[in-house]
Amino acid sequence: MQKIGVFICWCGSNIAATVDVKKVAEAALREPGVVFSADYQYMCSESGQRLMKDTIKEKGLTGVVVCSCSPRMHEATFRKAAESCGLNPYMVEIANIREHCSWIHKDIEEATEKAVILMRAAVAKVNLNQSLTAGKSDVVKRALVIGGGIAGIQTALDIAEAGYEVDIVEKKPTIGGKMAELDKTFPTLDCSACILTPKMVDAAAHEKIKIYAYSEVEKVSGFVGNFTATIRKKARYVNENLCTGCGLCTEKCPSRKAPNEFNEGLNTRSAIYIPFAQAVPKLAVIDPAACIHFKTGKCGLCEKTCDAKAIDYNQKDELIERRYGAIVVATGFNVIKLDNFEEYGYAANPDVITSLELERLMNAAGPTGGTLLRPSDKTHPKKIVFVQCVGSRGQRPCDKPYCSKICCMYTAKHSMLIREKYPDTEVYVFYIDVRTPGKNFEEFYRRAVEQYGVHYIKGQVGKVAENEGKLRVYGSDLLLNEQVVIDADLVVLAAAIEPDESAKKIATMLTTSIDTNNFLTEAHPKLRPVESATAGIFLSGVCQGPKDIPETVAQASAAAVKVVGLLAKDQITCNPCVARSDELLCNGCSACEKVCPYGAISYMDKEVNDHGKREVRRLAYVNEAVCQGCGACTVACPSGAMDLKGFTNKQIMAEVDAICR
Amino acid sequence: MTDLQKQIENIKRISGANPEKCMRCGKCTAACPNYSEMEYHPHQFVYFIENGQLDRLLKSDSAFRCMTCFACVERCPRDVKPAKLIEAVRLTLIRRKDSNYLKPDEIPQKIDEDLPQQAIVSAFRKYTK
Ligand SMILES: Cc1cc2nc3c(=O)[nH]c(=O)nc-3n(C[C@H](O)[C@H](O)[C@H](O)COP(=O)(O)OP(=O)(O)OC[C@H]3O[C@@H](n4cnc5c(N)ncnc54)[C@H](O)[C@@H]3O)c2cc1C
Ligand code: SF4
Ligand code: SF4
Ligand code: SF4
Ligand code: SF4
């Protein structure tokens, strides 16, 4: 028989105001196995823990139930306290009488009754608890960062600086992400490339960092401390050890009509190309969809031009398998497609552009060499209309319900840069709200209005129509309560941003979760913002939610610290609550293997002694290091052989019985 | 509940629209092709109904000026459906108690050969209390 102590926490008034804690304490004493009960103001406080420890020692408790907040908050606290005085930590159970009870009920009598029932269930479980010992597993001292935007680069640099190896896998031919496309950056207006490229170069040069550009992670198996990833290195058709990045081939290539991704399709590039001058790695890559050689077998000019003999039309994708202790997702974002927003005429009119396209039109390395020209007739626009919140904060199927967060600031940036460079240009900004929380952000936006004379109009644009070579913009000015009509030369749409289209696939591959908008979900929205709910998987940058560069970099470094904290350990403690199959009950049916999402179950032939009968049987075997304790197999097992330690079928049934009693 | 509040509830019910969803972007008014003909604009219909100022709308002829082109409904990012609210205001005006829009003595002048008799009967029913 167990000797169980029950401790009921008031949680100040959080619990005590709705649950009669004294009654729960009295009721506990009537439960089988319970030898002690007490209520206390704050069980998690030092004196609360001391009360628990002293009682364990004095009464020789073999089990403890704490009726308090969610086990997610303090299970670890109480288990540690129990362990410090010699009790196995898995002999401690939490009855959640706060989130599951006091917070959601108003009636004291009802809440007290429920608290008693929850306490009873926990006591019933502890009566069947057994001491569990957690195993240890080794930590592979290398991290994988998926995505090489500013988030991925910063995370990798910080991990490498701490002395650990880190690989960056970037799907594009170069690292840099969206920041590499930007012109100047708010709130200080420093040139994006000037602050980004040194970091790109640092990453490439760092002895601890390996960059797999033009590569994708195809498969991940394993668990925290010991993941195995399969990386597909896509064929560049250029030998990266030989190519010097001289770019001669790109000049000679006769196929020059492929849309230039780096310039947001505003101009074209050759079939063999280097994304931009500061690309890292600076290597040519052939786009087989545009290459004449791949289409007709002819041409071959680049091969002839290349002195380094780097061109290799027969190159194949390469699969690389690497082991990692931790994985960081930094897959970033894209601006949404605007084809469904016909009211703004984006698809129909070349002079209606996105803000990201404007970045390229203002950038010295862009298609116009930094001179702002209309895409249609290459003239200077004299009147420019900016439209904010395009596709953000809406509820139509083409809209995103959230605020994209960065658009108010970059629109203020764009309007100021234009007024600075072209003072004779009139700039109008249609806004619903201007949202500029952040250090020096409001001041930045006010400068656009007060110093640069940008016309901010509260209202949205309802229609953009071509009219004699201009764009007739119908908007509303809600403060004047008027419809306004502006004949503009250029219309710039602040399009909503969304997670990269690979986010869902990546989340599934890493068995971590995404929200309804496909942003990866953090383990706790306030207290664990850079960890995912899956151990060993961390989040960095916009893949977790919209943010600007300062916030991205802060989060990237935070993720790095978490990774370093993990890699610094030689071994990590495994979860002892893993599955185990009973040899005498298992019939080797494979039902469990099919449902295990972690591939933890295999089969082996083994001789068993079934009540004196000796025979060789095919039996399920759980790899304890891989099992995550999800319990799927225990439900699937038709013969009741599979059981989860710490949550055995018997324990669960005892809890149910206790509740129904 | 006052009469006005009842009328507002009624308008919300028959329109099936929820003015509380409006985020005051003004896109409906920006898109309205009949802007210059209307004293009050679609975003104002939404705002006035939300804020209990229906009487202003009832005193104006704006509801009858709306062409029911549904541009505002189509463009609204929050799916508020301003034109449906306007339609409901129109119905409220038409169905108002004790207001005879069509008097029996006016009917003889309205009759002409092409007008189906049915139309007169139904108009009489609809616009007369
Ligand atoms: C028009 C515009 C202007 C802006 N101006 C500013 C500004 O002035 N100041 C400011 O602070 N912020 C600005 N921002 C915001 C800034 O761009 C972002 O905060 C920043 O780029 C986020 O970095 P990231 O690394 O999270 O994402 P990204 O830059 O999107 O990087 C993600 C990287 O991951 C790669 N990737 C994606 N999926 C995979 C995969 N499955 N496998 C491998 N690789 C993958 C992508 O190719 C990309 O290289 C602006 C944004 C826009 C759209
Ligand atoms: S072989 Fe292809 S990539 Fe090379 S020069 Fe010809 S078209 Fe360009
Ligand atoms: S509990 Fe079962 S299904 Fe879940 S991870 Fe472990 S072995 Fe696989
Ligand atoms: S339905 Fe009426 S209010 Fe709406 S846009 Fe058309 S005319 Fe304007
Ligand atoms: S378009 Fe919709 S959300 Fe915007 S003001 Fe009109 S009703 Fe409100």
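Every read-out reported here was derived from the displayed coordinates using simple, explicitly stated rules and does not represent laboratory data. Small disclaimer: the values here were computed from a predicted structure and weren't measured. Every residue, glycine as well, gets a Cβ built from its backbone with ideal geometry; the counts of neighbours run over all protein chains shown.
Spatial offset of the range A:416-447 relative to the range A:279-312 amounts to 44 Å, using the alpha carbon center of each.
Pick from B:GLU106, B:GLU20, B:GLU50: which residue has the top mean-square fluctuation in a GNM of chain B where Cα pairs under 10 Å get a spring? Of B:GLU106, B:GLU20, B:GLU50, the most mobile in the Gaussian network model is B:GLU106. In the elastic network of chain B, a GNM with C-alpha springs shorter than 10 Å, the most mobile of B:PRO42, B:PRO116, B:PRO82 is B:PRO116. Shown here is the pair-distance distribution of the range A:334-498: with all Cα-Cα distances grouped in 10 Å bins from zero up to the longest one, the shares run 10, 41, 39, 9, 0 percent. Only lysine pairs 8 or more places apart or on separate chains count here, and in the range B:3-96 those with Cα atoms under 21 Å apart total 14.
Remark on A:GLY222: its backbone amide H falls under 5 Å from those of A:THR228, a criterion applied only to residues 5 or more positions apart or on other chains, H modelled at 1.01 Å from N. Near A:VAL390, the amide H atoms lying under 5 Å from its own belong to A:ALA494, A:ALA496; only residues 5 or more places off or on other chains count, and H is placed 1.01 Å from N. Calculated FRET efficiency, A:LYS594 to A:LYS309, Cβ-Cβ distance, R0 = 45 Å: about 0.30 to the nearest 0.05.
Would you tally the net charge around A:LEU567, using a Cβ to Cβ cut-off of less than 15 Å, leaving A:LEU567 out, and scoring K and R as +1, D and E as -1? Provide the component values of the computation, followed by the final result.
Numbers: positive: A:LYS141, A:ARG142, A:LYS208, A:ARG322, A:ARG323, A:LYS562, A:LYS569; negative: A:ASP138, A:ASP158, A:GLU161, A:GLU165, A:ASP167, A:GLU531, A:ASP570.
Taking every other residue near A:LEU567 into account, the sum is 0.
With N counted as the residues of the range A:572-647, its alpha-carbon radius of gyration over 2.2 N^0.38 Å works out to 1.08. Between helix A:108-128 and chain A, what is the angle of the helix's C-alpha long axis to the longest principal axis, kept within 0 to 90° and rounded to the nearest 10? Tilt relative to chain A: about 70 degrees. What does the charge count around A:GLN395 come to, taking other residues whose C-beta lies under 10 Å from its C-beta (Lys +1, Arg +1, Asp -1, Glu -1)? The answer is +3.
Can you tell me the FRET efficiency between A:LYS337 and A:ILE108 if r is taken as the Cβ-Cβ distance and R0 is 60 Å, rounded to the nearest 0.05?
On the way: r = 55 Å, r/R0 = 0.92.
Working from the Cβ atoms, E equals 0.65.
With the simple spin-label model, which puts each label point 7 Å out from Cα in the Cβ direction, the A:ASN609 to A:ASP657 separation comes to 3.0 nm. Taking chain B as a Gaussian network, where each spring joins two C-alpha atoms under 10 Å apart, which residue of B:LYS27, B:LYS59, B:LYS103 fluctuates the most? Of B:LYS27, B:LYS59, B:LYS103, the Gaussian network model singles out B:LYS103 as fluctuating most. Counting only alpha carbon atoms, the long axis of helix A:441-450 and the longest principal axis of chain A meet at about 30°. In this simple spin-label model, placing a label point 7 Å from the Cα along the Cα-to-Cβ direction at both A:GLU468 and A:ASP424 gives a separation of 2.1 nm. Modelled spin-label separation between A:GLN41 and B:GLU39, with each label point placed 7 Å from Cα along the Cα-to-Cβ direction: 6.6 nm.
Counting charges near A:ILE549 (Lys, Arg +1; Asp, Glu -1) among other residues having Cβ under 15 Å from its Cβ returns a value of +1.
For the range A:338-355 and the range B:49-110, compute the distance between their C-alpha centroids and round to whole Å. The two parts, judged by their Cα centres, are 34 Å apart.
If R0 equals 51 Å, the separation of the Cβ atoms of A:ASN623 and A:GLU251 corresponds to a calculated FRET efficiency of about 0.35.
If one computes the Cα centroid of the range A:2-57 and of the range A:80-122, what distance in Å separates the two points? Measuring centre to centre over Cα atoms gives 9 Å.
Legend: Rg and Dmax of the protein assembly as shown, from Cα coordinates, 34.2, 110 Å.
Per 0.36 nm of contour for each residue apart, how much would the distance between A:SER131 and A:ALA347 grow if the chain were fully extended, relative to their Cα-Cα spacing?
Values: separation 216, 0.36 × 216 = 77.76 nm, distance 6.58 nm.
71.2 nm is the gain from fully extending A:SER131 to A:ALA347.
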